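What follows is a set of notes on a single structure, which appears directly below.
The values are calculated or read from the model by the stated rules, or taken from the named source; none is laboratory data. Bear in mind the structure is a predicted one, so any value in this text is a computation, not a measurement. Cβ coordinates were reconstructed from backbone atoms using ideal geometry, including for glycine residues, and neighbour counts include every protein chain displayed.
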Amino acid sequence: MLIHSHRRCASLIIVLLALLVTLPLSRARAESPVRGGELVYIVPASDFPSMDGHREETYAVIHPLAPFYSLLIKANPENPSDPTSFVGDAAENWSASHDGLTYTFKLRKNVKFHDESPMTSKDVKASFDEIISPPTGVISDRKAMFFMVKEVAAPDPSTVVFHLKFPTTAFLPAIANPFNWIYKADILAKDPHWYETHVMGTGPFRFKEYVAGSHVTGVRNPDYFMPGLPYLDGFQALFIEKEAPEVAAIRGGRAMVNFRGFPPKAVDELKAALGSKLAVQESPWNCGLYVAPNQKVKPFDDVRVRRALTLALDRWQGSQVLSKIAIVKTVGGIIFPGSPLALSKPELEKLAGYAPDIEASRREARKLLQEAGVQNGFTFKLHNRNVEQPYKTVGIWLIDQWRKIGLNVEHWVEPTAPFFATLRSGSFQVSVDFNCQAVVNPVLDVSKFLSADKAGDNYGHYIDRALDGLHDEIVREPDQTKAAALMHQFEKRVLDEQAHYLMTLWWHRIVPYNARLHGWKISPSHYINQDLASVWLTPE
Amino acid sequence: MMFPTLLGVAVLVFVLMRILPGDIVEVRFASEGGTVSPEVLQQERARLGLDQPIWRQFADWMAGLVRLDLGRSMWTGATVSHEISIRAQLSLEVAIIATIVAVTLAIPLGVIAALRQDTWIDYLVRMISIAGLATPSFWFGILILLAFLILFHWTPPMTYVPFWKHPWRNLEQLIWPALATGYRYSAVATRMTRSSMLEVLREDYVRTARAKGLWQRLILTRHALKNAMLPVVTVIGLEFAFLIGGLVVTEQVFNLNGLGKLFVDAVTHYDYTLVQGLVLVVAAAFVLSNFFVDIVYGWLDPRIRYR
């Protein structure tokens, strides 16, 4: 018996030791990228308007088509949450001159278009020329972003030089914008509209098929310039516009992920249904949900009324409550929270409507309304977009908050096109508004708060030359610390002193996905990090 | 009547779309919250011809219609006929399968219910058909999807494959929406068949046929059913035409890339030319469907003649 038990013990120890030795190995094997497989994912849209990234502004273009293209530089795929971390894509490296007026990009030598032709600086120059100064009849959505660029030069096949009019911190993030795809110069020269309906890039995947309103498929590019990448054999991007079939597609295994994300309720449903087969990543989202009091309409031309509106909002509690039901969470100012120019929490708490003592804020709000001659029970309409997440949910919260200072607010929702028509015409009292950007670029992201005659999307319809002057200084300030100080003044003026705009909460991105998917990291924007080069799947 | 009807529809839809505030340019360039310059918006409006006076836009569109050119989608830039043709096949197929489902269920059930009037069979058939009328197709579709998800962790395929390329994959995707819509469709047709049969079975010629000692089956098929089919065929024709472009919500539920979904997208995007083209095509489907129904009338009742 004793011998038997000794033997049993010995064999148990051997098995345990073997397990101890092999487990880390097998885990390492499981965690190291695996080649092969097709990623099927959801693009939550009906279709894209065109295939041209330079022209369009929607994720419906980025998500299915970004894998076909390269950028000059891009957000670091290993750390896409860091708004200041960029890596070379088609560019191997880059440098800036001491005066900050010249940026030189050295290109990788082995970059080829999918038709096997080599990519050179001529192609990069032609692409940025099209973005910065498009030929007649060609639309560039991001032309205004490059107001600082004087000239793009291609002195030799592997060098691109950007000459700037003045040094600015806004340049590099603008270059890294995920829509700045590198197109082929010869094609652009022959037909600048060609890319609206065709694909020809240098990205990790080659175009295979597009069925309008249904899907886009891509296959692995064997000549991709990054050695060993991509891992996937291919991908299929499915256009599914409604949330219910999107959730059903992931639950039923027809798709693995919707990179734009889902609201909390859908995430909970997927978690309950799929358990450990589901992984989730979350991130603050570079989309701010604002309220624009229309200053062409009384009494919202009175700063006291606008300040009262912002003082009434309990953002800290709102964050806790709303984040359970809507895609909003982070409390912040007009600069993306966590980015170098953003206000810290103690700084934020000094602004109107951000103080921890909400009752004191609301007492002040009532006093301001009284001083402005606004009676208790004053009624106005909150104009909003007829989209559930997060607009209508936050709209209802706003109405409740303002009721607490004696205001009676009606909710007026409109579908997207009339919503914007109303915003532009100024035929509203107070409206929900929003600002969604790709790469965090504070200097450019705040341009919507400039005077209405400078910013096409200032729906507060105000003129504030002091604010415009501050922005001019920020744009031309190459020193980050000085820029931050100026930006804080700018922010204080927009949100507090003048209360031109009211910030509600920043969006919050939650992406649930099939746990077989690896190598993808969430970023603060659904436009960033979507080339799928480093994405891989564990075998079924 | 066909051309005046289509012309009326064309004018009406053109005017209605222009009355709505907002336009496609706002949806395209501003809806995601990016910063877009007014210059870009104006440039795009000019490119799409939206800066032209309304009468000029209408005249251009009508001139295109005369040449059978529905124009180009303002959203994708592809021709409207191309956008419609790539989706029409799927919608037509769902309509055909749903019609087969409906007719296969409705006619036998309606006839049996009429023959066994006020028996438990009649009650059962009436109950099933009333439930079908009361159940929206999209809701039934959601139930089907949920049942598959919960019981089998399965959903139908998300992309369309034509029947001749892969019959099984094709049916795997389309049979469920066809069943969801076919059920409601069959409910309408069952009630119509039953009431029409009851009426015909009480006609003198049926009584005479019975008195002559004809077989019950012969009386039913040759005398009663054929005559009872006139209103049923009308219903089937109208429902079929409706299915071509009217499966708006069901197509969303099953994520089908059909005409109904295209319609919603076109309206959401303010794609004037595409909406106009789609309305014309659906109106034409109704007109054609009525035309075929009229032909079938002539076959069912030889007394009906068209001059």
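For the range B:121-140, how many residues meet the condition of being surrounded by 18 or more Cβ atoms within 10 Å (Cβ to Cβ) and of a type in the set (A, V, I, L, M, F, W, C)?
Residues flagged as surrounded by 18 or more Cβ atoms within 10 Å (Cβ to Cβ) and of a type in the set (A, V, I, L, M, F, W, C) within the range B:121-140 amount to 3.
Among strands (runs of 3 or more DSSP E) lying entirely in the range A:68-187, which contain 1 or more residues that are within 14 Å of chain B (Cβ to nearest Cβ) and surrounded by fewer than 23 Cβ atoms within 10 Å (Cβ to Cβ)?
Those strands (runs of 3 or more DSSP E) do not exist here; none qualify.
What number of residues within the range B:17-46 satisfy the criterion of being surrounded by fewer than 19 Cβ atoms within 10 Å (Cβ to Cβ), under 34 Å from the mean Cα position of the chain (by Cα), facing chain A (nearest Cβ under 8 Å) and without any contact (Cβ under 8 Å) to a residue 24 or more places away in the chain?
Result for the range B:17-46: 1.
Touching a residue at least 24 places away in the same chain (Cβ under 8 Å), farther than 28 Å from B:Leu7 by Cβ and not hydroxyl-bearing (Ser, Thr, Tyr): is that true of B:Leu262 in this structure?
no
Does at least one position in the range B:222-235 carry a residue that is over 30 Å from B:Pro156 (Cβ atoms), out of contact with any Pro (no Cβ under 9 Å at 6 or more places or on another chain), away from every other protein chain (no Cβ under 14 Å) and free of Cβ contacts under 8 Å to residues at least 24 places away in the same chain?
Within the range B:222-235, one or more residues are over 30 Å from B:Pro156 (Cβ atoms), out of contact with any Pro (no Cβ under 9 Å at 6 or more places or on another chain), away from every other protein chain (no Cβ under 14 Å) and free of Cβ contacts under 8 Å to residues at least 24 places away in the same chain.
Answer yes or no as to whether B:Asp60 is more than 9 Å from chain A (Cβ to nearest Cβ), assigned to a helix (DSSP H, G or I) and of a type in the set (Asp, Glu).
yes
As an exercise: evaluate A:Ala248 against (1) touching a Gly at 6+ places or on another chain (Cβ under 9 Å); (2) farther than 15 Å from A:His63 by Cα and give the number of the one condition it does not meet.
(1)
Check whether at least one residue in the range B:243-258 is more than 10 Å from chain A (Cβ to nearest Cβ), under 30 Å from B:Ala114 (Cα atoms) and either in contact (Cβ under 8 Å) with a residue 40 or more places away in the chain or not in a helix (DSSP H, G or I) (or both), and report yes or no.
yes
Only one of (1) loosely packed, with under 14 Cβ neighbours inside 10 Å; (2) within 14 Å of chain A (Cβ to nearest Cβ); (3) of a type outside the set (Lys, Arg); (4) not in a helix (DSSP H, G or I) is not met by B:Asp118, so which one is it?
Looking at each condition in turn, B:Asp118 falls short on (2).
Restricting the search to the range A:213-249, which residues are surrounded by fewer than 19 Cβ atoms within 10 Å (Cβ to Cβ) and out of contact with any strand residue (DSSP E or B) (no Cβ under 7 Å at 6 or more places or on another chain)?
A:Pro222, A:Met226, A:Pro227, A:Gly228, A:Lys242, A:Glu243, A:Ala244
Looking for whichever is within 10 Å of chain B (Cβ to nearest Cβ) and more than 29 Å from A:Phe336 (Cβ to Cβ) here; the options are A:Gly253, A:Gly234, A:Gly275. Which one fits?
A:Gly253 is the lone residue from the list that is within 10 Å of chain B (Cβ to nearest Cβ) and more than 29 Å from A:Phe336 (Cβ to Cβ).
Would you be able to tell me the number of residues in the range A:352-377 that are touching a residue at least 40 places away in the same chain (Cβ under 8 Å) and of a type outside the set (Val, Ile, Thr)?
Final tally of qualifying residues: 13.
Determine if the range A:31-53 includes at least one residue that is modelled with pLDDT under 95 and surrounded by fewer than 12 Cβ atoms within 10 Å (Cβ to Cβ).
Yes: the range A:31-53 contains one or more residues that are modelled with pLDDT under 95 and surrounded by fewer than 12 Cβ atoms within 10 Å (Cβ to Cβ).
I'd like the residue in the range A:448-460 that is in contact with a helix residue (DSSP H, G or I) (Cβ under 7 Å, 6 or more places away or on another chain) and under 17 Å from A:Phe147 (Cα atoms) and, out of all such residues, is surrounded by the fewest Cβ atoms within 10 Å (Cβ to Cβ).
It comes out as A:Lys454.
Out of A:Val303, A:Val331, I need the residue that is in contact (Cβ under 8 Å) with a residue 12 or more places away in the chain, hydrophobic (A, V, I, L, M, F, W, C) and either surrounded by 20 or more Cβ atoms within 10 Å (Cβ to Cβ) or in contact with a strand residue (DSSP E or B) (Cβ under 7 Å, 6 or more places away or on another chain) (or both). Which one?
After ruling out the rest, the residue left standing is A:Val331.
I'd like to verify a number: residues in the range A:384-412 that are over 25 Å from the mean Cα position of the chain (by Cα) and either of a type outside the set (A, V, I, L, M, F, W, C) or closer than 24 Å to B:Asp271 by Cβ (or both), how many?
Residues that pass the stated criteria total 8.
Yes or no: the range B:276-297 includes at least one residue that is touching a helix residue (DSSP H, G or I) at 6+ places or on another chain (Cβ under 9 Å) and facing chain A (nearest Cβ under 9 Å).
No: the range B:276-297 contains no residue that is touching a helix residue (DSSP H, G or I) at 6+ places or on another chain (Cβ under 9 Å) and facing chain A (nearest Cβ under 9 Å).
Scan (1) closer than 30 Å to A:Pro340 by Cα; (2) touching a residue at least 60 places away in the same chain (Cβ under 8 Å) for the single condition A:Thr197 breaks and write down its number.
Failed condition: (1).
Where in the range A:215-334 are there strands (runs of 3 or more DSSP E), lying fully within it, with 2 or more residues that are farther than 30 Å from A:Gln375 by Cα and within 21 Å of the chain's Cα centre (by Cα)?
Hits in the range A:215-334: A:234-239, A:278-293, A:328-330.
Of all residues in the range B:63-88 being within 11 Å of chain A (Cβ to nearest Cβ) and not in a helix (DSSP H, G or I), which is surrounded by the most Cβ atoms within 10 Å (Cβ to Cβ)?
Within the range B:63-88, the match that is surrounded by the most Cβ atoms within 10 Å (Cβ to Cβ) is B:Ser73.
May I ask you to verify whether A:Ile139 is touching a residue at least 12 places away in the same chain (Cβ under 8 Å) and over 18 Å from A:Leu71 (Cβ atoms)?
yes
Tally up the residues in the range A:254-276 that are more than 16 Å from A:Lys324 (Cβ to Cβ) and surrounded by fewer than 15 Cβ atoms within 10 Å (Cβ to Cβ), please.
2
Of the residues A:Val34, A:Val40, which is in a strand (DSSP E or B), among the β-branched types (Val, Ile, Thr) and over 30 Å from A:Gly338 (Cβ atoms)?
A:Val40
Taking the condition of being farther than 24 Å from A:Ser46 by Cα and in a helix (DSSP H, G or I), how many residues in the range B:15-47 meet it?
Going through the range B:15-47 one residue at a time, the tally reaches 7.
Going by the structure shown, is B:Leu50 more than 33 Å from the chain's Cα centre (by Cα) and either within 12 Å of chain A (Cβ to nearest Cβ) or in a loop (DSSP other than H, G, I, E, B) (or both)?
Judged against the criteria, B:Leu50 is not a match.
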